[in-house]
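To keep things clear, I will list the structure first and then write my remarks on it.
Values quoted throughout were computed directly from the atomic coordinates according to the rules given, and no laboratory measurement underlies them. Note that the coordinates shown come from a computational prediction; the quantities given were computed from them, not determined experimentally. Cβ placement follows ideal geometry from the backbone for every residue including glycine, while neighbour counts extend to all protein chains displayed.
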Number of protein chains: 2
Amino acid sequence: MSGRSKITLDESELPRRWYNVIPDLPAPPPPPLHPATRQPIGPDDLAPLFPMELIRQEMSGERYIEIPDEVRDVYRLWRPTPLFRARRLERALRTPARIYYKYEGGSPAGSHKPNTAVPQAFYNAAEGTRRLTTETGAGQWGSALAFACAQYGIDCEAWMVRASYDQKPHRRTLMHVWGATVHPSPSAVTAAGAKILADHPDSPGSLGIAISEAVEVAAENPDTKYALGSVLNHVLLHQTVIGEEALAQFDAAGERLPDMIIGCTGGGSNFAGLVFPFLREKLAGRTDPVFRAVEPAACPSFTRGRYGYDHGDTAGFTPLMKMHTLGHDFIPDPVHAGGLRYHGMSPLLSHMYELGMFEAVTKNQLECFASAVTFARAEGILPAPEPAHAIAAVIDEARHCTETGEEKVLLTALCGHGHFDMTAYERYLSGEMGDFELPQDRIDTALAGLPDIG
Amino acid sequence: MSGRSKITLDESELPRRWYNVIPDLPAPPPPPLHPATRQPIGPDDLAPLFPMELIRQEMSGERYIEIPDEVRDVYRLWRPTPLFRARRLERALRTPARIYYKYEGGSPAGSHKPNTAVPQAFYNAAEGTRRLTTETGAGQWGSALAFACAQYGIDCEAWMVRASYDQKPHRRTLMHVWGATVHPSPSAVTAAGAKILADHPDSPGSLGIAISEAVEVAAENPDTKYALGSVLNHVLLHQTVIGEEALAQFDAAGERLPDMIIGCTGGGSNFAGLVFPFLREKLAGRTDPVFRAVEPAACPSFTRGRYGYDHGDTAGFTPLMKMHTLGHDFIPDPVHAGGLRYHGMSPLLSHMYELGMFEAVTKNQLECFASAVTFARAEGILPAPEPAHAIAAVIDEARHCTETGEEKVLLTALCGHGHFDMTAYERYLSGEMGDFELPQDRIDTALAGLPDIG
């Protein structure tokens, strides 16, 4: 191992293809079902919402898919991203573990989300889409898509959960800077939103409602399509640039491949992007790491949800997907990691979890912020609340190594910075932040609303 | 010229020394004077405020000063920084000019300020300083110093101009995350602050007042010293890593050296850091660029100030420096580019401006924000309001090239991101932002308060 603490790759080493894990799995994931017929959906069912190339990628059995030059050209604004060895954090923890983090916060939108926003905007523009609709919670995904649409000259229209729209205006402004239109959700612009407003004029909104609104507008306008920032196969596919670069960086550093890879999971795209290329190497017998997903205790899809078919949205417009879910009516407590507050989980990752291919743990909010502050004081970079979950689990494992003396190599993805989460940090530092209890009956009630499908 | 749009350097190409321009000048800059005796100051006069190594650098006649390994080790967290070619901006402007920008916003604190905060904290820690005091306006400098002090385990105590302390809490929170103590200024903690509060309990504060408070505490406590984020020679020296890296990157890109280099100026450290290494090459006859400083129309030290001796602070604690100044009582209008709102200017740059070594222009706030939005939509990165001044001047020159057909090579430093300036962007986008007039009598009144020296 060399003495380097930052391992960079040259622009020429930017990955040329995305890795599709599906053909390497021992069994294919169950198909999505049409919400009305409950029959497996085909490409035509998705055509009102997505361009054909993305539908092809969603259903592809090819191991590798070429990244278009026009996409790599935009990736180059911030990719390849650096892999850091957290030497100062190691010293602070007095651990013999070697801790690495792949930093995705250097993208214009400040997270890993542009890795998929850019190709989604590109394929839509190439197939004649004039406008993309989407939902966004705290705004990470909405701002990533606004940036991507600006790169290819198409319009972006986002429905932002009203509570965030009102209380977290900065990412909304970022979307405005990049030229997007932003509606608070529920909005009077859509039938789905208007119906909810009629019953609940003061509704704070939810991701499920915002998805319904964005899907409705896309379905009704031929020049408009819809974009989703996580959960779907093609989204996870696009994020594999993270893991592919990390593999090359471990090689460049002369370091052995990690013993454990830890990532936070909301819809699953950040975790999948980091893990899938290493999983390929594991399936080929070249390495044998433990993969550990970390989810918020307030929204524990893997660890306390049910594996079954559920809707992705509140109104039931989306296909039914077999996934770990807390129920599409489940409203998570308002933890600051807005990007992890989704009732469901990637169907692909859910399938792999059932196959025992990785493990999952939960973390409470306060421990995550404590870990993030420890990290920031040692390493400088301020983590977003979402990757703070992964950092908390990394610190756990590093402390375990302090006790056992094991020189484990740990890897995580620092998938975004916390520059737009300063109010949350101030609440934590001033002692105003608390943890939430999630009683089992709240989960049971939400799961009772699941559709009754095998 | 290759087709690359991002030119990176390997960690091994991080500069090993800072460049001191002073021995290459045709005449040395006038000395600072003791505020009481009005005689040139010596090292002992500065010893209560700065460690000896920084005093040595402040007065050094050596062309190069080695960067300690312990400093380069922290620099590696974000350095070398990327040099971008702004191809998308060029297309948007339909200009034949080739536009390059050196991006310093990837540092943990989000600006170029850590380039000097880190060595200042290091030398202080090495000489036994337990605590560093400083002033900060909008918080760029305070957060950079808080980060740097956390790296070497010393305390940081910052006096933050009260108007910003109350209205811009996010960088204050960033300082807290890194473990710093932050006081609103004027504060009751110091005699200088208490005196002002007694007369003006609702004082919004100013940089000049905050400097007086930080200097007072450092002067009175043997284990405490003071740190300044711009203006002084050693600060400009540390920033030359920007220009040194840029020189290497032009070479790596196979591009000819720039025809024009444009930077914003508040105290001058960002401009000097970019320009000095290119100036060295110019003095050696290897290139002949135009250097253009851009200052806010609301605080035009070069273009409308006087070149004469003035205090750096309100209370008159600092040495008298010969510089372009609007008078130490001048309070600039509240433009959002808080980092450019200083009544004075680097004495070294002021001397060089008098020698005709570069030119200066002003930009109004609205034009800067319009240029920043044009830049963000094309290039993705959201600029801070300070470098937006330089971007406005770059766009001017690029449009001039569109008219003339000249294929000029332009270079600027994008010295920080705008993630903590979203309220300003929202004001701009909603049409609520205005420009300020600066009548000559306001400048004349402030200049009447200058001490009567040569």
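One table, with the values for the structure above:
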{"read-out": "Viscosity 0.692 mPa s, temperature 37 °C, Stokes-Einstein D of segment A:77-119 from Kirkwood C-alpha radius, µm²/s", "value": "277 µm²/s"}
{"read-out": "Loop-exposed GluC sites (Glu not before Pro) per DSSP, neighbour cap 10 Cβ within 10 angstrom, longest uninterrupted part of chain A", "value": "A:1-431"}
{"read-out": "Whole-Å semi-axes of the ellipsoid equivalent to segment B:228-342 (Cα gyration tensor, √5λ, descending)", "value": "30, 15, 13"}
{"read-out": "q = 0.09 Å⁻¹: log10 I(q)/I(0) that the Debye formula gives for segment A:1-135, counting C-alpha atoms only", "value": "-0.42"}
{"read-out": "Lys, Arg +1 and Asp, Glu -1 on Cβ, resulting dipole of chain A about Cα centre, debye, nearest 20", "value": "1040 debye"}
{"read-out": "Residues of type aspartates and glutamates that residue A:168 reaches as a straight line, Cα spacing below 19 Å, ignoring anything fewer than 8 places off in the same chain", "value": "A:135, A:157, A:202, A:333, A:386, A:421, A:426, A:432, B:166, B:421, B:426"}
{"read-out": "Hull-based mean projected area of segment B:159-288, where the convex hull spans the alpha carbons, in square nanometres", "value": "11.0 nm²"}
{"read-out": "Computed over chain A: relative contact order in percent, which uses C-alpha pairs under 8 Å that are six or more apart", "value": "19 percent"}
{"read-out": "In Å, descending, principal axis extents of the Cα set of segment B:292-382", "value": "44, 30, 20"}
{"read-out": "Spherically averaged projected area of the protein assembly as shown from its Cα convex hull (nm²)", "value": "36.4 nm²"}
{"read-out": "Shielding by partners, peptide B:170-178 (average Cβ within 10 angstrom, other chains)", "value": "6"}
{"read-out": "Overall form of segment B:264-421 per C-alpha gyration tensor (a/c, 1.5; a/b vs b/c)", "value": "oblate"}
{"read-out": "Restricting segment A:27-64 to trypsin sites (Lys or Arg not before Pro) in coil, as DSSP defines it, with at most 15 other Cβ within 10 Å", "value": "A:38, A:63"}
{"read-out": "For A:377-383, mean number of other protein chain Cβ atoms within 10 Å", "value": "6"}
{"read-out": "Residue A:181-residue B:195 pseudo-label distance in nm [points 7 Å out on the Cα-to-Cβ vector]", "value": "6.0 nm"}
{"read-out": "Three-way shape label, segment A:387-454, alpha-carbon gyration tensor, a/c 1.5", "value": "oblate"}
{"read-out": "Pseudo-label separations to other copies for residue A:283 - Cα-to-Cβ vector, 7 Å, nm", "value": "6.2"}
{"read-out": "Cα pair distances in chain A, grouped into 10 Å bins until the bin that holds the longest one, percent each", "value": "4, 22, 34, 27, 10, 2, 0"}
{"read-out": "Lysines with Cα under 23 Å of residue B:282, excluding same-chain neighbours fewer than 8 positions away", "value": "B:102, B:408"}
{"read-out": "Whole-angstrom gap from segment B:438-453 to segment A:65-86, using each part's C-alpha centre", "value": "53 Å"}
{"read-out": "Interatomic Cα distance distribution for segment A:1-61, bins of 10 angstrom, percent", "value": "16, 30, 25, 15, 10, 3"}
{"read-out": "MRE, 222 nm, helices only [DSSP H, n ≥ 4, -39500 (n - 2.57), over chain B, to nearest 500]", "value": "-12000 deg cm²/dmol"}
{"read-out": "Percentage, to the nearest whole number, of Cα pairs in segment A:96-230 over 23 Å apart", "value": "32 percent"}
{"read-out": "Candidate lysines - alpha carbon under 18 Å from residue A:322, same-chain residues fewer than 8 apart omitted", "value": "none"}
{"read-out": "R0 of 45 Å, Cβ-Cβ distance residue B:58-residue A:354: FRET efficiency to nearest 0.05", "value": "0.10"}
{"read-out": "Of all chain B residues, the one whose C-beta is nearest the axis that brings B onto A, in angstrom", "value": "B:419, 2"}
{"read-out": "Trypsin sites (Lys or Arg not before Pro) restricted to segment A:273-346 and DSSP loop, no more than 13 other C-beta within 10 Å", "value": "A:286"}
{"read-out": "Calculated log₁₀ intensity ratio I(q)/I(0) where the Debye formula runs over C-alpha points of segment B:334-454, q = 0.23 Å⁻¹", "value": "-1.40"}
